[in-house]
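J.: Let me begin by handing over the structure; questions about it come next.
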Amino acid sequence: MAADDVNETSTKPVRAKRAFERVSEAILQDIREEKLRPGDKLPSERALADAFSVNRHAVREALRTLEMSGVLRFAKGASGGAFIRENSADGVGQSIKNMIILGRMPLVDLMVVRVNLLVQAAELAAMRANEADFAALDRNIEDLREAIEEGDAVKTVGPVVGFNRVLGSASHNLVLEMLIDSVADIVTDILKVYKLPTEMELVQPRRDIVAALRAGDGPRACELLRVHYEATTNYVLARIGNWHNDGG
């Protein structure tokens, strides 16, 4: 590089970080260093402004930026405020949910993705799941059986969707687990709104899936899961149609 180039580069002004960037980067650094953990509540806007010697507008802009990127969530009320998200995929899930509500995304697209995510989870779980994972799956199926016997459609929602979450955890793949959790949150809201009666067999197919996983038979578990969840998907879609069009 020529001397003139060096001089020109050295004299070129460097853009100073704006106040809100300094605040957001400091919060992200605290998260990386685990000084802030999932679920932790941030100090008030006033306290943050004092700590960083900035005005409250800069703090609000920093918090809004972190919320949009899925790092923070906000809660209202006396105990509300800004919190570190327990699950960084929450923002993605909320965006998908909003698109379904607005009619910009058909519900069937979500349900198809759900099946494919669960098949991937089953494939990994057949190789990685441990006895604690299998015990959690067994407990979930038993909870489902008891909820079905009570005949309360709302009570079945937790264990019905919970199987997805436990299977995602059994995959021991954090990205897959987060995606399954996000989809499960949306499916939970749908099922709670429509309170669909349990008119198809849910318990035995899931026991068969877990049995195949215990045996380490990934292809068998994936095939059983795909057949079962395609059937449940068709059942849900046939009864509620498009969530948006039905006013959900």
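The values are calculated or read from the model by the stated rules, or taken from the named source; none is laboratory data. Everything numeric here is computed off the predicted structure, so don't read it as measured data. All Cβ positions, even for glycine, are placed from backbone atoms using ideal geometry, and neighbour counts span all protein chains on display.
J.: I'm trying to understand the selection: among the residues of region 27-51, which are over 19 Å from Phe74 (Cβ atoms) and surrounded by 13 or more Cβ atoms within 10 Å (Cβ to Cβ)?
T.: Once the filter is applied, which keeps residues that are over 19 Å from Phe74 (Cβ atoms) and surrounded by 13 or more Cβ atoms within 10 Å (Cβ to Cβ), region 27-51 yields only Asp50.
J.: Taking Asp109 as meeting all but one of (1) acidic (Asp, Glu); (2) under 25 Å from Glu177 (Cβ atoms); (3) modelled with pLDDT of 80 or more; (4) touching a helix residue (DSSP H, G or I) at 6+ places or on another chain (Cβ under 8 Å), write down the number of the exception.
T.: (4) is the only condition that Asp109 fails.
J.: Check off (1) in contact (Cβ under 8 Å) with a residue 24 or more places away in the chain; (2) outside any helix (DSSP H, G or I) for Gly168 and give me the number that stays unchecked.
T.: (2)
J.: Right, something else. Being in contact with an Asp or Glu (Cβ under 6 Å, 6 or more places away or on another chain), within 15 Å of Leu137 (Cβ to Cβ), modelled with pLDDT of 85 or more and assigned by TED's automatic domain parsing to the domain that holds Glu131: is that true of Ala170 here?
T.: Yes; evaluated as a whole, the condition is true for this residue.
J.: Please identify the pairs in which a residue from region 110-127 that is assigned by TED's automatic domain parsing to the domain that holds Val187 has its Cβ atom under 8 Å from the Cβ atom of a residue that is among the aliphatic types (A, V, I, L, M) and surrounded by fewer than 16 Cβ atoms within 10 Å (Cβ to Cβ), counting only partners at least 6 apart or on another chain.
T.: Within 8 Å, the pairs are Met111/Leu237.
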